[in-house]
Amino acid sequence: MLSQYKLRRLAARAVRVAEAHSSQPSIAMVKDIIVLSAQEFINSYETTAILQKNSLNEYKQGREAMERFKSIMTELVPALKMYIPSLTVNIDSIGVPDDMFESVSALIDMVSEVESKPEMVTTSIIPALESALTTAEKEWREAESSRVAIQESQRLLREKADNFYYHLKLFRRTLASAIGRNHYDYRKIKDTSANISDADDPAEPTPDTPTA
């Protein structure tokens with residue numbers, strides 16, 4: 001099958017061609033289904049492109065939040081060890097975000113249970129750890145949620161692309177019978193024509209091709 005970018009071009013053209021020749025009885029019979037399948041694919045394509053762009057931003061923010069979090073931990077954990085020598089956590093050895101969140105949460109609980117600790121630990125270091133943990137986990141969860149959303153959108157896009165392409169092939173057969181294979185409107189919705197720009201292509205810049 002064609003790339004989704006090229007299929008996006010043919011979808012817009014198919015809508016225009018179906019509407020232009022709807023006075024033909026055979027075209028009128030298939031117009032609604034080709035227009036619907038084309039529009040559903042176009043909508044899914046554009047939605048996925050937007051989600052993909054947002055997902056990249058969310059993931060970038062999530063990674064940056066994790067780097068800041070790790071930097072804060074690198075500063076605060078040694079301070080805790082200085083006040084509470086029994087601590088054995090090693091932040092540098094933790095690479096998976098969920099493991100780091102779990103370890104820091106356990107560290108906070110552990111420190112909170114220590115009875116004799118300097119006031120600075122209670123009033124400054126622990127609140128800083130809790131704040132850093134909350135912020136980093138929020139940013140990372142948003143990045144993960146965005147990743148799941150784009151995967152679902154890409155799955156739906158593939159379905160809409162397959163559905164449109166199936167109906168496009170049927171529409172081309174009907175169109176060929178109605179107006180002939182040499183008609184410009186038939187030739188413009190052939191697969192080979194998707195490489196060439198056409199007046200019916202979207203006037204606005206096409207969104208980045210979604211990765212699906």
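Ranked by the mean number of other Cβ atoms within 10 Å of their residues, highest first, the peptides 6-13, 41-48 come out as 6-13, 41-48. Using C-alpha pairs under 8 Å with a sequence gap of at least 6, the mean separation divided by the residue count of the chain gives a relative contact order of 40 percent. Between 0 and 90 degrees, the angle of helix 4-20 with respect to the longest Cα principal axis of the chain falls at about 40 degrees. Helix 126-179 and the longest principal axis of the C-alpha atoms of the chain enclose an angle of approximately 10°. Counting only alpha carbon atoms, the long axis of helix 25-83 and the longest principal axis of the chain meet at about 10°.
Between Glu119 and Lys60, the FRET efficiency from the beta-carbon distance, with R0 = 45 Å, is close to 0.70. Under a model in which nothing but the beta-carbon of Lys, Arg (+1) and Asp, Glu (-1) is charged, the chain shows a dipole of about 1780 debye around its Cα centre.
Under 12 Å of direct C-alpha separation, and excluding same-chain neighbours fewer than eight residues apart, Lys60 reaches these aspartates and glutamates: Glu139, Glu142, Glu144. Using a simple spin-label model with pseudo-atoms 7 Å out from Cα toward Cβ, Lys138 and Thr74 lie 2.4 nm apart. Taking the centroid of alpha carbons for each part, the range 42-88 and the range 20-35 are 52 Å apart. Let me know the whole percent of all Cα-Cα pairs from the chain that are separated by more than 23 Å. Considering the chain, 60 percent of its Cα-Cα pairs are separated by more than 23 Å. Estimated from helices alone, the mean residue ellipticity of the chain at 222 nm is -25500 deg cm²/dmol (sum of -39500 (n - 2.57) over DSSP H runs with n ≥ 4, per residue). For a modelled paramagnetic label at Met1, 7 Å from Cα along Cα-to-Cβ, the residues of the range 24-60 in reach, with backbone nitrogen under 17 Å, are 34-49. For the pair Ser105 and Asp198 in one chain, pulling the backbone fully straight at 0.36 nm per residue adds 27.6 nm over the alpha carbon distance. Applying the criteria of a DSSP loop state and at most 16 other Cβ atoms within 10 Å to the GluC sites (Glu not before Pro) of the range 86-172 yields Glu115.
All of the numbers you see were taken from the coordinates with simple rules; none came from a lab. Here the structure is a predicted model, which means the values were calculated and not measured. We place every Cβ from the backbone using ideal geometry, glycine too, and count neighbours over all the protein chains shown.
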